[in-house]
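Chemist: Okay, here's the structure, questions in a sec.
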Amino acid sequence: MAKAAASFLLDHPNWHYVLQEFYLAYRFGPAGGSAEIRRHQRVVQSCISRCLNSEPRLTPQTPEAKPVVAHLGRALDNGETDRMASFIRALAKITDELNWQYGYDRMPRSLQKKYAYAELLGPRGPVQCEDLILGLVLFSPKCTYPAHSHVEITESYLCLSGSLSENDAGVYPPGALILNQANREHAITTSDREPVLLAYAWTGPAEALCGFKMSFAGGKPAAGKG
Ligand SMILES: [Fe+2]
């Protein structure tokens, strides 16, 4: 992937504001009385705080779209009217700079127009951080993201727009946080009418974050962003 010359986050205030929104969401978002969720929120907020205070590099990536990005405008419009509006407004300032990916060498046809993710921070950038990955996932309406798990990596999804269900166990609107502990299988579905935009955070050993390989094993994603 062609990259522009490295610069610093301080040179890109719109990116700083997005990361600030992540920090605020994990610092002040409710934990629903769950000690495990609160612990994860603290790890994420602590990593973001440490990263922002270290004046990290930001290496701009070549903007790249995937078919599902045609739903992004609708997702942003919907999100602006809901409780994550401040986060959505900050994101809208950097959407032209995002590098949307599948992450898998082979994508099932059923997902090619319905899913993509964009990393914002992590060992691979664009904002450099060794112990945390932050990014976005966009799903079209009527999307089923197959069951998968993440080896050694704990994942949380923060719903920014639309509503999703996970493992048929609940419906999560904007502001809801879902915690997927390492190795826990989970599948996602989205509603019939509206797209879903999620923010996600991955925590785990630096080697796992740096070296994870998104691949299908036995027809399932072994590690993915969904
Ligand atoms: Fe996942």
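Chemist: Can you say whether Gln20 is under 27 Å from Ala182 (Cβ atoms), modelled with pLDDT of 95 or more and not charged (D, E, K, R), as far as the supplied structure shows?
Modeler: Numbers: under 27 Å from Ala182 (Cβ atoms): no; modelled with pLDDT of 95 or more: yes; not charged (D, E, K, R): yes.
No, not satisfied.
Chemist: Look at Pro123 and say whether it is more than 16 Å from the ligand (Cβ to nearest atom) and closer than 24 Å to His40 by Cα. Before you say what the answer is, go through the steps one by one.
Modeler: Values: more than 16 Å from the ligand (Cβ to nearest atom): yes; closer than 24 Å to His40 by Cα: yes.
Criteria met by Pro123.
Chemist: If we keep just the residues of segment 174-186 that are under 14 Å from Ser163 (Cα atoms) and not in a loop (DSSP other than H, G, I, E, B), which is farthest from the ligand (Cβ to nearest atom)?
Modeler: At the first step, the residues of segment 174-186 found to be under 14 Å from Ser163 (Cα atoms) are 174-178.
Pick out the ones that are also not in a loop (DSSP other than H, G, I, E, B) and you get 177-178.
Working: Leu177: 14, Ile178: 9 Å.
Across segment 174-186, the extreme among qualifying residues is Leu177.
Chemist: Need the failing condition index for Val137 against (1) among the β-branched types (Val, Ile, Thr); (2) within 12 Å of the ligand (Cβ to nearest atom); (3) touching a strand residue (DSSP E or B) at 6+ places or on another chain (Cβ under 7 Å); (4) more than 15 Å from Leu76 (Cα to Cα), just the number.
Modeler: It fails just one condition, (4).
Chemist: Within segment 32-48, does at least one residue satisfy the condition of being surrounded by fewer than 17 Cβ atoms within 10 Å (Cβ to Cβ), touching a helix residue (DSSP H, G or I) at 6+ places or on another chain (Cβ under 6 Å) and at negative phi? Explain how you work it out, then say what you get.
Modeler: Taking segment 32-48 and keeping what is surrounded by fewer than 17 Cβ atoms within 10 Å (Cβ to Cβ), we get 32-36, 38-39, 42, 46.
Add one more test, that the residue is touching a helix residue (DSSP H, G or I) at 6+ places or on another chain (Cβ under 6 Å), and what stays is none.
Looking through segment 32-48, none of the residues is surrounded by fewer than 17 Cβ atoms within 10 Å (Cβ to Cβ), touching a helix residue (DSSP H, G or I) at 6+ places or on another chain (Cβ under 6 Å) and at negative phi.
Chemist: Something else: For segment 161-173, what are the residues that are surrounded by 15 or more Cβ atoms within 10 Å (Cβ to Cβ) and away from the ligand (no atom under 11 Å from the Cβ)? Steps first, please.
Modeler: Taking segment 161-173 first, the residues surrounded by 15 or more Cβ atoms within 10 Å (Cβ to Cβ) are 161-166, 172.
Hits for segment 161-173 are Ser161, Gly162, Ser163, Leu164, Ser165, Tyr172.
Chemist: Additional query: Grab the helices (runs of 4 or more DSSP H) fully contained in segment 39-130, keeping just those with 3 or more residues being without any contact (Cβ under 8 Å) to a residue 40 or more places away in the chain and not hydrophobic (A, V, I, L, M, F, W, C). Talk me through it step by step, then tell me what you get.
Modeler: Details: elements: 72-80, 85-92, 109-112.
The helices (runs of 4 or more DSSP H) meeting that bar are 72-80.
The values are calculated or read from the model by the stated rules, or taken from the named source; none is laboratory data. These figures come from a predicted structure and were not determined experimentally. Glycine gets a Cβ as well: all are built from the backbone with ideal geometry, and neighbour counts include every protein chain shown.
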